[in-house]
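The values are calculated or read from the model by the stated rules, or taken from the named source; none is laboratory data. Just so you know, these numbers come straight off a predicted model, no measurement behind them. Every residue, glycine among them, receives a Cβ derived from its backbone with ideal geometry; neighbour counts consider all protein chains shown.
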Amino acid sequence: MVPPGIGCRAKESQSTIIPIALGISIGLLVLLVGSSLVYWLLQKRKLVKLKEKWFQQNGGLMLQQRLPNQTGSMETTKVFSTEELEKPTDNYNKSRVIGQGGCGVVYKGILSDNRVVAIKKSKIGEQSQIEQFINEVIVLTQINHRNVVKLLGCCLETEVPMLVYEFITNGTLSDHLHDKSRSSLLSWDKRLKIATETAGSLAYLHYEASMPIIHQDVKTANILLDENHTAKVSDFGASRIVPLDQTQLTTLVQGTFGYLDPEYFHTSHLTDKSDVYSFGVVLAELLTGKKVISFDRLESERNLATYFVSMVKDDRLVEVLDDNIHNGSNVEELKKVANVAKRCLSVKGDDRPTMKEVAVELDGLRVQGKQVRKEANLNKKESEYSLSASAHSLSIDVGVGYSSTGTIDSMGNQALTPTDDGR
């Protein structure tokens, strides 16, 4: 038998243990949740501090200091978060890489609003590259032109800065010129259109932007093409905004070998005529389809700019023209464009035309060429109509006593044959 009172004490102890255990469980849960919350807050604070550190490291303060001094604004330039750029690129997957060079890597991405963009990610640990990125943001906020690639935003709160641009679908002009299958599709009309649009955008930078801008790295690899072969000038990392009271800047020489202005190379004095020289090389490349530097060519032909100028001076342009654009009937037009290129490639900057003059001249040649081709097509149609009418007149009855059938003599005249109609 259970002694009296023991069962009651057991029940009492059970009823006491359960609340204690429950209290301990709740206490542990609260402690766990509290610890997790504290840890999360600490991590969030740590991440915020890290983002602040990266923002400063990536030139955010420099950007804030310089932008108020510019007449442009960043109203249309969005500041993207890390998450907004990681997802569109599959966390910067290699399969999304569409280009890379000295400044960094470019990825193709699709934003949450379905816009296709190009995301340019700087190289890690190179302060000079970071300065170029900040410079590009500052320069592009001053530009609004249909033939300049549009900057959509930037992200500075990551380990390296990133810029977000509109995505241009058709690759670079360099890709088209130096790929056999593509170059054959790049007609002279398209090439002249691209040249005219590029010249117009550079003239805008030099004369119509809120403050004059020198691109400093004009080349076919920096001219993008959309699906209609519309030119979009890109890569403003090396560009310089020129104070209104100056006509030249003294800088460390930057640019691409083969396109680099020789006067700037020797003096370090950068002017708008440096862009003119580089554009002259682009024109030579469009006309010849040749690479600007090639060690596979003879020594005298390795540098396209100097070789091209010598061939134009010797009236031997036809020998270096790209077979895809030279059809025999457009030689005079090609020679006129070649002469524009030759003037752009003058060794002395003062002997070169301005980009505005180049843009006007190319536009005039393009309009003139269209008119010539239009008239040629009309004459061709008239000629075809005339031949058709002549052939038709030979097939009808030409009078009493003659048949509509006859023979053509050696001079191309029809000899009509009398009919035997009994008269």
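Please indicate, with yes or no, whether at least one residue in the stretch 207-223 is of a type in the set (S, T, Y), in the same structural domain as L321 (by TED's automatic domain parsing) and over 12 Å from the mean Cα position of the chain (by Cα). Looking through the stretch 207-223, at least one residue is of a type in the set (S, T, Y), in the same structural domain as L321 (by TED's automatic domain parsing) and over 12 Å from the mean Cα position of the chain (by Cα). Would you confirm, using the coordinates I've provided, whether K374 is modelled with pLDDT under 95, more than 27 Å from the chain's Cα centre (by Cα) and of a type in the set (K, R)? It is true that K374 is modelled with pLDDT under 95, more than 27 Å from the chain's Cα centre (by Cα) and of a type in the set (K, R). Listed conditions (1) surrounded by fewer than 19 Cβ atoms within 10 Å (Cβ to Cβ); (2) at pLDDT 85 or above are all met by L85, apart from (1).
Of the numbered conditions (1) more than 14 Å from L224 (Cβ to Cβ); (2) surrounded by fewer than 22 Cβ atoms within 10 Å (Cβ to Cβ); (3) among the basic types (K, R), K121 fails exactly one; give the number of that condition. Among (1) more than 14 Å from L224 (Cβ to Cβ); (2) surrounded by fewer than 22 Cβ atoms within 10 Å (Cβ to Cβ); (3) among the basic types (K, R), the lone unmet condition for K121 is (2). Restricting the first member to the stretch 231-257 and to residues that are free of Cβ contacts under 8 Å to residues at least 12 places away in the same chain, and the second to residues that are of a type outside the set (K, R), the beta-carbon pairs closer than 9 Å and six or more apart or on different chains are Q246/P212.
In the condition set (1) at pLDDT below 75; (2) outside the structural domain of I134 (by TED's automatic domain parsing), I26 is compliant with all but (1). Where strands (runs of 3 or more DSSP E) sit wholly within the stretch 152-256, those with at least 3 residues that are in contact with a Leu (Cβ under 9 Å, 6 or more places away or on another chain) and within 19 Å of V97 (Cα to Cα) occupy 162-166, 223-225.
Inspect the stretch 64-77 for any residue being modelled with pLDDT of 70 or more and either within 29 Å of Q142 (Cβ to Cβ) or of a type in the set (K, R) (or both) and give the result as yes or no.
Yes, there is a match, as at least one residue in the stretch 64-77 is modelled with pLDDT of 70 or more and either within 29 Å of Q142 (Cβ to Cβ) or of a type in the set (K, R) (or both).
For L151, state whether it is among the aliphatic types (A, V, I, L, M) and assigned by TED's automatic domain parsing to the domain that holds A338. No. Of the residues making up the stretch 265-303, those that are free of Cβ contacts under 8 Å to residues at least 24 places away in the same chain and hydroxyl-bearing (S, T, Y) are T267, S268, S294, S300. Out of curiosity, is E208 closer than 19 Å to E361 by Cβ and at pLDDT below 95? When the stated conditions are applied, E208 passes them. Cβ-Cβ contacts under 6 Å between residues 6 or more apart (or on different chains), taken from a first residue in the stretch 135-149 that is part of a loop (DSSP other than H, G, I, E, B) to a second residue that is surrounded by fewer than 19 Cβ atoms within 10 Å (Cβ to Cβ) and among the hydrophobic types (A, V, I, L, M, F, W, C), are listed as T141/M74.
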